[in-house]
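Student: Quick one: this structure, given as structure tokens, is what I'll be asking you about.
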Amino acid sequence: AKPSAEVFTFSIKPLDMMRICSVAHRKAKNIYETDGLRKGHYQRILQKGRLKSIGQYLDEEKSSFKNNLLVSFRGKNSNINFNKGRKGQGRGGELIIKACPGSFHIIDGQHRLFGYSGTDEKHILEHPLIVTVFKDLEQLEEAQIFLDINQYQKKVDVGLRSEVLYLLGESATGKDQVRNLA
């Protein structure tokens, strides 16, 4: 992000976030325009099977995701204001957003967010999501953040994964303990 871009983190319920987000898919025909690809669109198409499996995961875990969504605020600058608080180190405060559909564009986490639409556990929709929002980004800067995240991620080494599952196995019970220890 460029130095002038402001960054905020807040929490919100999944349904509330879904209502104010958009995703600029690079291959979505007849959604945003009729002439095909729009310059600057970089997101992959949402996959129905992946959304369903995420919904099932949320149902099984009975919990929301612990990591954040990254979004870009595309609304009017007058519709997002930060009132700095006096507590802590002076970084906290109240973020006031007048949002409407399309106010936020998802940079990273579109499947995680829209996966909530596949849950049968309605109480999970009440759990807060953690959202990090960038203000004043150009579309090409959003695309660069998307690439940085998705290009340089590395899967957890199989050996380390086995060690962590073993640690979790000792504290788990029933089938979870057997699965983790195995």
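The values are calculated or read from the model by the stated rules, or taken from the named source; none is laboratory data. Quantities reported herein were computed from a predicted structural model and do not represent experimental measurements. Backbone-built Cβ (ideal geometry, glycine too); neighbour counts: all protein chains shown. The protein model used for the area step is the full one, side chains on, heavy atoms only, and it has no ligands, DNA or RNA in it. Shrake-Rupley method; radii C 1.70, N 1.55, O 1.52, S 1.80 Å.
Student: Over the stretch 62-154, give the accessible area per residue in Å² for a 1.4 Å probe, as an integer. Mind showing how you got there, number by number?
Tutor: Values: 5450 Å² over 93 residues.
Solvent-accessible surface per residue comes out at 59 Å².
Student: In addition: May I ask you to give the average projected area over all directions of the convex hull of the Cα atoms of the stretch 63-145, in nm² rounded to one decimal? Don't jump to the answer; show the numbers that get you there.
Tutor: Numbers: hull surface 27.7 nm².
Value for the stretch 63-145: 6.9 nm².
Student: Separate question: Give me, ordered by chain and number, the residues 5 or more places off Ile107 or on other chains with an amide H under 5 Å from its own placed amide H.
Tutor: Leu70, Val71, Ser72
Student: A further question on this structure: List the relative contact order of the stretch 51-151 as a percent without decimals, with contacts defined as Cα pairs under 8 Å and 6+ residues apart.
Tutor: Details: 144 pairs, mean separation 43.9, N = 101.
Here the relative contact order equals 43 percent.
Student: Taking θ = phi - 60°, what integer Hz values does the Karplus form 6.51 cos²θ - 1.76 cosθ + 1.60 yield along the stretch 75-81, in sequence order, with x for Gly and Pro?
Tutor: With coefficients 6.51, -1.76 and 1.60, one gets x, 5, 4, 6, 9, 9, 9 Hz.
Student: Return the distance in nm (one decimal) between the two label points of a simple spin-label model at Leu125 and His111, each offset 7 Å from Cα along Cα→Cβ.
Tutor: If labels sit at Leu125 and His111, their model points lie 2.3 nm apart.
Student: Filter the cross-link list Lys122/Lys155; Lys13/Lys62; Lys52/Lys98 down to pairs whose alpha-carbon distance in this structure exceeds 23 Å. Show your work: numbers first, answer last.
Tutor: Numbers: Lys122/Lys155 31 Å; Lys13/Lys62 15 Å; Lys52/Lys98 31 Å.
Violating the 23 Å Cα-Cα cut-off are Lys122/Lys155; Lys52/Lys98.
Student: Amide H of Leu129 versus every other amide H placed in the peptide plane: which residues, excluding those fewer than 5 positions away on the same chain, fall under 5 Å?
Tutor: Ile12, Lys13
Student: While we're on this one: If the chain between Val158 and Glu94 were fully stretched, how many nm would it gain, using 0.36 nm times the residue separation less the Cα-Cα distance? Provide the component values of the computation, followed by the final result.
Tutor: Values: separation 64, 0.36 × 64 = 23.04 nm, distance 4.20 nm.
So the extension gain works out to 18.8 nm.
Student: Show Glu121, Glu61 ordered by accessible area, largest first, where the area counts protein heavy atoms only and the probe is 1.4 Å.
Tutor: Working: Glu121 50, Glu61 100 Å².
Output order, biggest surface exposure first: Glu61, Glu121.
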